[in-house]
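The values are calculated or read from the model by the stated rules, or taken from the named source; none is laboratory data. Owing to the predicted nature of the structure, the values given are computational and were not obtained by experimental measurement. Note that each Cβ is placed from the backbone with ideal geometry, even for glycine, and that neighbours are counted across all protein chains shown.
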2 protein chains.
Amino acid sequence: MALIVQKYGGTSVGNIERIKNVARRVANTFNENNRVVVVLSAMSGETNKLVGYANEVSEFPVSREYDMIISTGEQVTIGLLALALNEMGYRAKSFLGHQVPIVTDSQFGSARIESIGGEKIMRELKDGVIAVVAGFQGVDSDGNITTLGRGGSDTTAVALAAALKADLCEIYTDVEGVYTTDPNICQDARKLKKISYDEMLEMASLGAKVLQTRSVEFAKKYEVPVMVRSSFNDAPGTLVCKEDAEMEKVVVSGVTYNKDEAKISVLRVPDRPGIAAKLFRPLTEAGINVDMIVQNISHDAHTDLTFTVSKSEFKRALKLVKETAGEIEAKDVVGDPNIAKVSIVGAGMRSHAGIASKMFEVMSKEGINIQMISTSEIKISCVVDVKYTELAVRVLHEAFGLAGEVAEETE
Amino acid sequence: MALIVQKYGGTSVGNIERIKNVARRVANTFNENNRVVVVLSAMSGETNKLVGYANEVSEFPVSREYDMIISTGEQVTIGLLALALNEMGYRAKSFLGHQVPIVTDSQFGSARIESIGGEKIMRELKDGVIAVVAGFQGVDSDGNITTLGRGGSDTTAVALAAALKADLCEIYTDVEGVYTTDPNICQDARKLKKISYDEMLEMASLGAKVLQTRSVEFAKKYEVPVMVRSSFNDAPGTLVCKEDAEMEKVVVSGVTYNKDEAKISVLRVPDRPGIAAKLFRPLTEAGINVDMIVQNISHDAHTDLTFTVSKSEFKRALKLVKETAGEIEAKDVVGDPNIAKVSIVGAGMRSHAGIASKMFEVMSKEGINIQMISTSEIKISCVVDVKYTELAVRVLHEAFGLAGEVAEETE
């Protein structure tokens with residue numbers, strides 16, 4: 001008898017008909033002799049409505065009260081799913097974060113899970129009950145309601161799967177799995193059968209919006225096998241799991257892109273120790289996240305320093321950097337929001353040489369100028385002019401042989 | 001420094017603008033050197049929406065899950081009010097039933113409060129915080145969310161006031177207080193300055209829909225002074241409190257009516273012990289509440305038995321009684337849904353004779369036939385043809401001198 005945690009997102013429980021559909025899926029899994037824990041998001045649109053209310057009352061809402069308000073959406077869906085299952089003749093009970101309990105720190109709005117008490121749920125499961133748990137929410141040690149940040153229900157599901165030592169965590173969403181790239185850009189994008197935690201982390205943080213990054217970190221840490229699949233059909237999904245020998249053979253697993261960043265260059269900075277620290281301190285203090293940073297070797301004791309920030313923080317960041325530029329005697333500061341980051345990701349890169357140069361060649365052949373480069377063990381990212389995004393993704397997808405080659409994947 | 005519990009109903013928090021209005025009222029009370037606890041209902045319409053969802057999923061929803069769903073409306077409003085108060089520069093925190101805690105039995109849907117832990121709230125109040133508590137909800141000893149039934153927020157407020165030994169419990173609603181009768185029927189109906197718990201209980205259960213009956217029982221038991229007033233203006237309300245010498249002087253405080261009942265007569269029943277028990281047992285087993293019961297002296301060892309039930313249960317009750325009628329050898333069963341119950345209520349009745357006969361005379365003078373009579377220490381109810389309802393209310397209101405006599409009441 002296996003224990004399976006299933007998570008359904010907002011579109012999967014977007015109305016009563018869909019909730020009934022989820023109930024049928026859950027029942028099928030239960031009937032196949034499994035113990036089942038279900039984690040749900042709020043109905044799609046519901047959390048946005050609640051956020052709207054909060055913002056109407058307060059431009060900068062107190063985070064404790066904000067969490068109190070926006071955690072109600074999940075409470076409605078878990079109650080409704082438990083009702084639907086009971087209506088079908090199954091025994092089902094809903095549980096809130098504090099009832100499990102899912103204990104978090106007190107960082108309202110982006111709380112981190114500290115511990116999960118699995119005993120109560122386990123007792124219910126052994127008793128033949130289907131447990132339906134509210135995603136996204138927890139409780140801190142003082143009994144305050146907390147939320148885990150957008151997409152936090154994925155993390156709830158994976159963390160529960162870890163705590164309950166589940167055999168599998170299924171994440172049901174509105175796509176069929178993880179693709180080699182965005183199917184909206186490449187029609188021949190292929191669904192992956194398997195992907196390693198590390199690859200998924202790179203894919204997730206690079207813009208493939210399938211799984212919340214923190215949920216993948218959790219899955220990796222506790223080695224929870226995670227299956228990403230669609231709640232609207234029975235197509236096999238993508239398994240996110242530990243890296244195996246088979247995966248290492250695949251040099252590049254996917255091509256991703258991100259148009260949400262902007263670039264800031266600080267030109268001809270005197271190359272002295274402490275300059276970078278001075279430049280970035282104001283950004284850190286303003287809570288602005290810096291992504292890629294590139295600094296070249298210096299000429300005449302001067303260097304150029306370029307970095308990217310989220311587009312939504314671009315203007316604020318540019319203003320702060322310009323203020324600091326005088327202090328550090330930089331010659332000029334130039335900003336450019338019209339960029340995109342295109343990346344290739346693959347566990348096989350570790351053992352294969354020449355991947356980077358192949359990437360650069362492919363792009364150069366199309367006349368795509370590379371503005372910045374950043375690499376990790378299993379990914380290479382290039383910043384290019386935003387107008388080349390789709391072209392770059394397509395040629396890289398083609399060049400690394402990702403196009404629909406595995407027939408069985410399209411079944 | 002006084003401690004005041006304020007409760008605002010669904011229409012008072014019906015939208016963001018109204019919630020901000022409530023925040024201003026709460027702030028004013030706080031500024032007058034009071035400690036303030038606020039109890040809120042859900043936005044008007046919200047609970048009905050949630051009930052609609054539940055009924056779409058299940059015709060007879062499992063009560064535990066039903067409570068899980070419909071208790072979310074209050075969670076939204078308390079968070080929003082706490083936000084609004086913080087936005088205005090006050091320290092305010094919201095609390096759910098289980099966070100207070102408000103411990104109830106496990107009768108989901110109509111749970112009864114068993115105990116309230118006031119320590120946490122008291123600590124916050126002493127710390128200068130305004131506490132905003134979700135009405136209508138509690139938690140049972142197993143940690144399940146429960147609800148107190150429609151109008152339960154009144155009970156939450158009064159029970160909290162009792163637990164915190166508050167100086168006053170203010171119930172803000174969409175009417176200005178308790179009136180001598182329905183102002184829609186009598187234009188000269190007068191707002192009462194004061195009314196005793198017992199009178200209020202008779203008024204509430206007889207159809208004056210101002211306060212939930214159970215909240216008044218609670219207030220009486222713990223002697224919590226309750227002020228009913230409007231959240232839309234500053235008019236003085238009605239104080240519900242212990243009976244005092246002044247009240248006893250007033251013979252009749254109010255005239256009420258109820259059109260929601262129907263009458264069933266069982267004709268010519270053999271007058272034997274156990275007949276009534278046999279007749280009412282099936283109704284009790286079907287969960288049908290019987291209100292007035294009248295049995296006259298017998299003629300020829302036969303008697304007539306008449307009683308009233310809620311109009312919504314009339315058909316079901318009539319069918320059950322007809323089934324039993326044969327068993328007990330009754331001659332006939334007659335039902336009549338076109339009735340109304342008109343009552344006069346007053347603490348002074350205890351010490352004044354002749355009130356009943358005056359009531360009957362007044363009605364007789366208008367040609368109103370009285371079909372049933374029932375009395376208690378402080379009220380007299382008559383069942384009449386529904387078409388006489390308004391006429392009966394008006395003549396009684398006039399005859400007992402209730403019309404706008406106290407000038408200061410209309411300020």
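Scanning the stretch A:65-81 for residues that are more than 7 Å from chain B (Cβ to nearest Cβ), among the charged types (D, E, K, R) and within 14 Å of B:LEU83 (Cβ to Cβ) turns up just one, A:ASP67. Every condition in (1) in contact (Cβ under 8 Å) with a residue 12 or more places away in the chain; (2) surrounded by fewer than 16 Cβ atoms within 10 Å (Cβ to Cβ); (3) over 27 Å from B:PHE136 (Cα atoms) holds for B:VAL250 except the one numbered (2). Looking at B:ALA27, B:ALA23, just one residue is within 11 Å of another protein chain (Cβ to nearest Cβ), assigned to a helix (DSSP H, G or I) and aliphatic (A, V, I, L, M), and that residue is B:ALA23. Checking each residue in the stretch A:42-79 for being among the small types (Gly, Ala, Ser) and within 29 Å of B:GLU17 (Cα to Cα) picks out A:ALA42, A:SER44, A:GLY45, A:GLY52, A:ALA54, A:SER58, A:SER63, A:SER71, A:GLY73. Taken as a whole, the structure leaves A:VAL103 outside the set of residues that are buried (at least 24 other Cβ atoms within 10 Å of the Cβ), among the hydrophobic types (A, V, I, L, M, F, W, C) and farther than 24 Å from B:ILE70 by Cα.
Among the strands (runs of 3 or more DSSP E) confined wholly to the stretch B:91-198, which include 3 or more residues that are at pLDDT 95 or above and more than 30 Å from B:ALA392 (Cβ to Cβ)? Quick ask: steps written out before the conclusion?
Numbers: elements: B:92-95, B:102-104, B:113-116, B:130-134, B:137-139, B:145-147, B:168-173, B:194-196.
Hits in the stretch B:91-198: B:92-95, B:102-104, B:113-116, B:130-134, B:137-139, B:145-147, B:168-173.
Screening A:ALA340 with (1) assigned to a strand (DSSP E or B); (2) at pLDDT below 95 gives one miss only, at (2). One residue alone among A:GLY109, A:GLY89 is on the phi > 0 side of the Ramachandran plot and free of Cβ contacts under 8 Å to residues at least 24 places away in the same chain, and that residue is A:GLY89.
So is B:LYS49 closer than 18 Å to B:GLY109 by Cβ and either within 14 Å of chain A (Cβ to nearest Cβ) or at pLDDT below 95 (or both) or not? So that I can check it myself, show each step before the final result.
Details: closer than 18 Å to B:GLY109 by Cβ: yes; either within 14 Å of chain A (Cβ to nearest Cβ) or at pLDDT below 95 (or both): yes.
Yes; evaluated as a whole, the condition is true for this residue.
Taken over the stretch A:110-140, the residue count meeting the criterion of being more than 13 Å from chain B (Cβ to nearest Cβ) and either under 23 Å from the mean Cα position of the chain (by Cα) or surrounded by fewer than 15 Cβ atoms within 10 Å (Cβ to Cβ) (or both) is 13.
Report whether or not A:ILE288 is in contact with a Leu (Cβ under 8 Å, 6 or more places away or on another chain) and either surrounded by fewer than 17 Cβ atoms within 10 Å (Cβ to Cβ) or in a loop (DSSP other than H, G, I, E, B) (or both). I'd like the intermediate steps shown before the answer.
Numbers: in contact with a Leu (Cβ under 8 Å, 6 or more places away or on another chain): yes; either surrounded by fewer than 17 Cβ atoms within 10 Å (Cβ to Cβ) or in a loop (DSSP other than H, G, I, E, B) (or both): yes.
Judged against the criteria, A:ILE288 is a match.
Here A:ALA162 clears all of (1) surrounded by 24 or more Cβ atoms within 10 Å (Cβ to Cβ); (2) within 20 Å of A:ASN34 (Cβ to Cβ); (3) more than 12 Å from chain B (Cβ to nearest Cβ) except the condition numbered (1). Can you confirm whether B:LEU239 is under 21 Å from B:LYS341 (Cβ atoms) and in contact (Cβ under 8 Å) with a residue 12 or more places away in the chain? So B:LEU239 fails the test.
Condition check ((1) aliphatic (A, V, I, L, M); (2) part of a strand (DSSP E or B); (3) over 30 Å from A:LEU192 (Cα atoms); (4) at pLDDT 90 or above) across all residues:
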residue	(1), (2), (3), (4)
A:LYS278	no, no, yes, no
A:LEU283	yes, no, yes, yes
A:ALA317	yes, no, yes, yes
A:LEU320	yes, no, yes, yes
A:VAL334	yes, yes, yes, yes
A:VAL362	yes, no, no, yes
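With the structure loaded, tell me whether A:GLY73 is surrounded by fewer than 24 Cβ atoms within 10 Å (Cβ to Cβ) and assigned to a helix (DSSP H, G or I) or whether it fails that test. Taking the combined requirement at face value, the residue does not satisfy it.
Among A:ILE195, A:ILE185, which is the only one that is under 21 Å from A:ASN258 (Cα atoms) and surrounded by fewer than 17 Cβ atoms within 10 Å (Cβ to Cβ)?
Values: A:ILE195 fails: surrounded by fewer than 17 Cβ atoms within 10 Å (Cβ to Cβ).
It is A:ILE185.
Considering the stretch B:328-345 alone, what residues qualify as being among the basic types (Lys, Arg) and in contact with a Lys or Arg (Cβ under 7 Å, 6 or more places away or on another chain)? Listed by number, the list holds a single entry, B:LYS331.
Could you list all residues from the stretch A:141-159 that are under 18 Å from the mean Cα position of the chain (by Cα) and surrounded by fewer than 24 Cβ atoms within 10 Å (Cβ to Cβ)? Break it down into steps so the answer makes sense when it comes.
Taking the stretch A:141-159 and keeping what is under 18 Å from the mean Cα position of the chain (by Cα), we get A:147-159.
Passing the criteria: A:GLY149, A:ARG150, A:GLY151.
The residues on offer are A:VAL334, A:VAL294, and the sole one that is loosely packed, with under 15 Cβ neighbours inside 10 Å and of a type outside the set (Asp, Glu) is A:VAL334.
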